[in-house]
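Undergrad: Sharing a structure with you now.
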Amino acid sequence: MNKAINLIQDSISKDLSIAVVSHKNPDGDSLGSLIAMGLSLDKLSKNVIFVKPDVIPEDYLFLPALEKMIQLDSLNIDIDLLIVLDSSDPDRLGLNKNLLEISKRIINIDHHISNTNFGDLNIVIPESSSTGEIVFELLSKANFPIDTDIATCIYTAISTDTGRFSYQSVTKNTHLIISELYNYGIDGYEINKNLYQNRSLSRTKLFILAVSNLEFYKDGKVAIAKVTKDMYSKTGAKPDETEGIVEFLRDTEGVEVACLLKELKNNDVKLSVRTKEYVDANKICSFFDGGG
């Protein structure tokens, strides 16, 4: 981590361009980590680029600084330092993958055990509950700025990637970081209301349809549900409104592996997997060239 901090500080002192990016199909950890890192560096340098990873899900439209995010034509820009967050391998960046080719240096920050260490410097800590947890520790250790907006993003990152602090990855350190975030003036109630108590009616209808098609295998240990394009049409829901379905399946008593199959516009199918303690979800996803 010290080498990464030194590289970032050197880039700032030399007024070099720094870009922050995270994976396609963004979630709370990837977006929260990206914005938190970007905002902190933005207070120190005029040359920070917030790269928009994809369409922002409605769950996260309350986050600060979304207006700073831009989609890049990477052929027309020059990046001295690229900071990649919450992405286990280059393919997770989607259309932004080519940024790796035009960036002079790359720092890879992630908590997925499947990370391929594709950066020039890699801060990959599988023991961390989330990338947001790592970002907080890096900013704190480097004495980089943290304010209410940055703390809000980190809280969002950690909360969403730990199932509201219910996963096995949560440790004493996780809760100590959350406690620290309150010192920066976050409103935990307001964040949670935006994240978990603001679901649209169409999303609820989609949830009901998906669960009604639920099938169990292996004596109830495996639960599989599907979301089809027809279900989107019937409910008026958007493709990014499937958040929470697979977690609900996993939380069912006796279920060890929960899967959600989502039909995409191009007729591809996206598989989301959640597991409990006996099965490694990363191994399942890596079999299909996914994960992270």
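Every read-out reported here was derived from the displayed coordinates using simple, explicitly stated rules and does not represent laboratory data. Just so you know, these numbers come straight off a predicted model, no measurement behind them. Every residue, glycine as well, gets a Cβ built from its backbone with ideal geometry; the counts of neighbours run over all protein chains shown.
Undergrad: Give, in nm to one decimal, the length gained when the segment between residue 264 and residue 183 is fully stretched (0.36 nm per residue of separation minus the Cα-Cα distance).
TA: My answer for the length gained is 24.9 nm.
Undergrad: To continue, here is another question. With N denoting the number of residues in region 201-287, provide Rg(C-alpha) divided by 2.2 N^0.38 Å, to two decimal places.
TA: Region 201-287 yields a ratio of 1.07.
Undergrad: Projecting each Cα onto the charge dipole of the chain (Lys/Arg +1, Asp/Glu -1 at the beta carbon, about the Cα centre), which of 144, 69, 244 comes out farthest on the positive side?
TA: Value computed over the given set: 244.
Undergrad: Could I get the Rg over Rh figure for the chain? Both from C-alpha atoms, Rh via Kirkwood, rounded to two places.
TA: When Rh is taken as the Kirkwood radius, the ratio is 0.96.
Undergrad: Considering only Cα-Cα distances, which of the following residue pairs are longer than 24 Å: 3/104; 24/172; 97/276; 141/193?
TA: Check vs 24 Å cut-off fails for 24/172; 97/276; 141/193.
Undergrad: When each pair of different Cα atoms in region 78-167 is counted once in the 1/r mean, what is the Kirkwood radius in angstroms, to one decimal?
TA: 13.9 Å is the Kirkwood radius here.
Undergrad: With label points built 7 Å along Cα→Cβ from the Cα atoms of residue 175 and residue 147, find their separation and express it in nm.
TA: 3.2 nm
Undergrad: For residue 271 and residue 234, calculate 0.36 nm times their separation in residues minus their Cα-Cα distance, and state this gained length in nm to one decimal.
TA: Length gained between residue 271 and residue 234: 11.2 nm.
Undergrad: Could you pull out the pairs from 52/265; 238/262; 68/265 whose alpha carbons sit more than 23 Å apart here?
TA: Where the Cα-Cα span goes over 23 Å, the pairs concerned are 68/265.
Undergrad: Can you tell me how much longer the chain between residue 253 and residue 190 gets when fully stretched, taken as 0.36 nm per residue apart minus their C-alpha distance, in nm with one decimal?
TA: 19.6 nm
Undergrad: Can you tell me the dipole magnitude for the chain around its Cα centre, using point charges on the Cβ only (Lys, Arg +1; Asp, Glu -1), in Debye to the nearest 20?
TA: In total the dipole reaches around 420 debye.
Undergrad: As I understand it, the dipole of region 201-287 uses +1 on the Cβ of Lys and Arg and -1 on the Cβ of Asp and Glu, about the Cα centre. Which of 220, 257, 231 lies farthest toward its positive end?
TA: Positive-most Cα among the choices belongs to 231.
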